[in-house]
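Below you'll find the structure, written out as structure tokens, and then a few comments.
The values are calculated or read from the model by the stated rules, or taken from the named source; none is laboratory data. Source: prediction; values computed, not measured. Cβ placement follows ideal geometry from the backbone for every residue including glycine, while neighbour counts extend to all protein chains displayed.
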Amino acid sequence: MKKQITYVLLILFVLPFCANSQSKIEISGIIIDEFNEPIPYVAVGIVEKYIGTASTEDGGFSFLVTAAEMQDTLSISSLGYDPFKIKVADYLMLEKKEIVLKETVTELNEITLLSPKDYVLNAIKSLRDNTLSQAHKLELLYRRAAEEDGKAKFFVENYIKIRDKGPAYQMGVVEVTAARKSADYRYWKRKQWRHSIHDMFHVNPFRPSDSQHARNLKKFTYKKIGDSSYDGEDVVIIEGRNPRIDWEKMTFYIGVDTYKVYRIERGRSLYVYKKHKTGKMVLSYFKNEWSFPKHQIPKELRGTLAETLRYKTEAFIYSVETDKKKIRVIPFGVETDMGSLDLKYDANFWKNLSMPPDTKFYTRIKNELEGLFGVPLEKQYQIVNQ
């Protein structure tokens, strides 16, 4: 009897959406471990359709589906944890929207492992085979928060489409389709000479680049620093150090059998990859943080708050489209500072976009921006983005 009631409730829940298959249904929740601690940057979504997102640094997630996805499987996967799957309709019926991941115990046999350097070199050789290297379109939210003296001073969000071929190739075609920004309270209103989406491509040590961030990984020294796993594959964690730059190190999470790259850590930048329905790896989440060395600060601003300016960027990839008929991207905004783009604020677009849950960091950022002059952030968007 209880089972029958459950199905009736589910039918009543879904029926309003069946009239219009494009009606949006929010899938949201939090991902935690067995000790009730949030797990950041977890890939969550419907693999077969590549709908989804990544959990925030506080473990929360949110994305949209339609009634057509009710019988599809919600898949959750993260380094170091057993994968978790549940039918979308069943997840929506849960009273408490929490997903608990169990840690995977991994003990690799050192005798059977290659040298750490060989794993990195094999990962480079296998990059085209292991990543989604056919032309495809990424759609993502890219945002940047600016702080001075530890206080929020400027906040920008862009919705971006990228026609790309994956990390085995150079940066693809970029189109900024929507933008909004807060009032600019920075002491130093620094404009980057181009969009900071460039960092997402150029900081990646595996992607070919002629930027200042390019490195010859063959000349690094490597050592194994740990073990992990991803969706049934053993993963070796390798630290690489630049012999020419004492402070520079990178950490790679590489599949023992396939040489797939699951995660890259480089300074304050982070890349998290997940599996596409083809089995190839594709970017799920990116973040970066940086401040400015003194020589980049105008002389007349040295000794002021300008010296404390700091940026934090992050990207959530929402979808990947491989249909050649649907991957057209018109270049726009890529050579302009993301805070200077001339795009009118579309309140309806942002209202209907499934935004990541606000973390403690972004809650503080938004509260501080509203508190500076007592102007709600939504009002700032309307006034500034004309």
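Condition test on Arg186, is it more than 30 Å from Leu217 (Cβ to Cβ), touching a Phe, Trp or Tyr at 6+ places or on another chain (Cβ under 8 Å) and not in a strand (DSSP E or B)? Walk me through it before giving the result.
Values: more than 30 Å from Leu217 (Cβ to Cβ): yes; touching a Phe, Trp or Tyr at 6+ places or on another chain (Cβ under 8 Å): yes; not in a strand (DSSP E or B): yes.
Spelling it out, Arg186 is indeed more than 30 Å from Leu217 (Cβ to Cβ), touching a Phe, Trp or Tyr at 6+ places or on another chain (Cβ under 8 Å) and not in a strand (DSSP E or B).
Picking from residues in the stretch 89-109 that are over 23 Å from Asn36 (Cα atoms) and in contact with a strand residue (DSSP E or B) (Cβ under 8 Å, 6 or more places away or on another chain), the one that is modelled with the lowest pLDDT is Glu107. From the list Leu309, Leu283, the one residue that fits, being among the aliphatic types (A, V, I, L, M) and either over 18 Å from Ile162 (Cβ atoms) or free of Cβ contacts under 8 Å to residues at least 40 places away in the same chain (or both), is Leu309. Of a type outside the set (Phe, Trp, Tyr), within 25 Å of Lys102 (Cα to Cα) and modelled with pLDDT of 95 or more: is that true of Gly52 in this structure? For Gly52, the condition - of a type outside the set (Phe, Trp, Tyr), within 25 Å of Lys102 (Cα to Cα) and modelled with pLDDT of 95 or more - is not met.
In summary, Glu175 fulfils each of the numbered conditions (1) in contact with a Lys or Arg (Cβ under 9 Å, 6 or more places away or on another chain); (2) loosely packed, with under 14 Cβ neighbours inside 10 Å with the single exception of condition (2). Scanning the stretch 112-164 for residues that are within 17 Å of Tyr262 (Cβ to Cβ) and acidic (Asp, Glu) gives a single hit, Asp129. State yes or no: is Glu289 of a type outside the set (Gly, Ala, Ser) and crowded, with 16+ Cβ neighbours inside 10 Å? It is false that Glu289 is of a type outside the set (Gly, Ala, Ser) and crowded, with 16+ Cβ neighbours inside 10 Å. If you go through the stretch 215-257 one residue at a time, how many are surrounded by 14 or more Cβ atoms within 10 Å (Cβ to Cβ), in contact with a helix residue (DSSP H, G or I) (Cβ under 9 Å, 6 or more places away or on another chain) and either among the basic types (Lys, Arg) or not in a strand (DSSP E or B) (or both)? Going through the stretch 215-257 one residue at a time, the tally reaches 5. Looking only at residues in the stretch 335-367 that are touching a Lys or Arg at 6+ places or on another chain (Cβ under 7 Å) and among the hydrophobic types (A, V, I, L, M, F, W, C), the one that is surrounded by the most Cβ atoms within 10 Å (Cβ to Cβ) is Met338. Taken together, Asp246, Asp234 contain a single residue that is under 20 Å from Thr131 (Cα atoms) and either acidic (Asp, Glu) or touching a Pro at 6+ places or on another chain (Cβ under 7 Å) (or both), which is Asp234. The residue pairs whose first member lies in the stretch 244-258 and is touching a residue at least 12 places away in the same chain (Cβ under 8 Å), whose second member is of a type in the set (Phe, Trp, Tyr) and not in a loop (DSSP other than H, G, I, E, B), and whose beta carbons are closer than 6 Å, counting only pairs six or more residues apart or on different chains, are Tyr253/Tyr262; Ile254/Tyr119. Within the set Thr131, Thr106, Thr177, the sole residue that is among the polar types (S, T, N, Q), at negative phi and not assigned by TED's automatic domain parsing to the domain that holds Lys351 turns out to be Thr106. Residues of the stretch 171-183 that are closer than 16 Å to Glu139 by Cβ and outside any loop (DSSP other than H, G, I, E, B): Val173, Val174, Glu175, Val176, Thr177, Ala178, Ala179. Cβ separations smaller than 7 Å between residues 6+ apart or across chains give the following pairs from the stretch 78-101 residues that are on the phi > 0 side of the Ramachandran plot and in the same structural domain as Ser28 (by TED's automatic domain parsing) to residues that are of a type outside the set (A, V, I, L, M, F, W, C) and buried (at least 19 other Cβ atoms within 10 Å of the Cβ): Gly80/Thr104; Gly80/Ser228; Gly80/Ser229. Within the stretch 298-320, if we keep just the residues that are of a type in the set (Lys, Arg) and closer than 19 Å to Lys151 by Cβ, the residue that is nearest to the chain's Cα centre (by Cα) turns out to be Lys312.
Against the criterion of being in contact with a Ser or Thr (Cβ under 6 Å, 6 or more places away or on another chain) and either within 27 Å of Ile238 (Cβ to Cβ) or outside the structural domain of Leu140 (by TED's automatic domain parsing) (or both), Gly59 does not qualify.
Taking helices (runs of 4 or more DSSP H) that do not extend beyond the stretch 282-386, which have at least 3 residues that are among the charged types (D, E, K, R) and farther than 28 Å from His136 by Cβ?
Once the helices (runs of 4 or more DSSP H) in the stretch 282-386 are filtered for at least 3 residues that are among the charged types (D, E, K, R) and farther than 28 Å from His136 by Cβ, what remains is 360-373.
Filtering the stretch 352-371 for residues that are aliphatic (A, V, I, L, M), farther than 26 Å from Glu175 by Cβ and modelled with pLDDT under 95 leaves an empty set. Glu314 falls short of the stated requirement of being in contact with a helix residue (DSSP H, G or I) (Cβ under 9 Å, 6 or more places away or on another chain), modelled with pLDDT of 95 or more and acidic (Asp, Glu).
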